[in-house]
Amino acid sequence: RVLAGGEPSGGLYFQPTLLSDVDGSEIVAEEVFGPVLTLQTFGTEHEAVAMANNTRYGLAAVVVTGSEERAERVSGQLVAGTVWVNCFFVRDLRAPFGGSRDSGIGREGGNWSFDFYCDVKNTVTAPWAR
């Protein structure tokens, strides 16, 4: 159900859109690149984390809370490359950026990006017999 927006805005663009009644639909399971939000309710913190992680993607997540303890606890449980707490799209270019699961490989930004261009090998050698 479209609560706001959803109308074409020229070409392949749509107005920012808010959807509800989305349980079990593709919009909550697939990665959407566009100004689309879904309104979903939950009863417990555990249920909210399970809903957020119930996808094969994990580019980013947003946690809005008035509790520092809850922010730390929930953000630690979310499978996402970036978790914003009480903000959105704030980025330090020295920090790693990239997704989890099917939302990409490697990280951009900072020293973490060098690993993307490396083929790391671990060589283990037994002690030499003398």
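The values are calculated or read from the model by the stated rules, or taken from the named source; none is laboratory data. Values in this document were obtained by computation on a predicted structure and should not be read as measured data. Ideal geometry is used to build each Cβ from the backbone, glycine not excepted, and the neighbour counts take in all protein chains shown. Quick note on the areas: whole protein, heavy atoms, side chains included, nothing else; ligands and nucleic acids left out. Shrake-Rupley method; radii C 1.70, N 1.55, O 1.52, S 1.80 Å.
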* Any chance Thr55 is touching a residue at least 12 places away in the same chain (Cβ under 8 Å) and either assigned to a loop (DSSP other than H, G, I, E, B) or hydrophobic (A, V, I, L, M, F, W, C) (or both) -> yes
* Qualifying position, being farther than 26 Å from Ala29 by Cβ, in contact with a strand residue (DSSP E or B) (Cβ under 8 Å, 6 or more places away or on another chain) and of a type outside the set (Lys, Arg), among Val90, Val63 -> Val90
* Structure fact -> Flagged in region 4-31 as open to solvent by 80 Å² or more (accessible area, probe 1.4 Å) and outside any loop (DSSP other than H, G, I, E, B), in numbering order, are Pro8, Phe14, Glu26
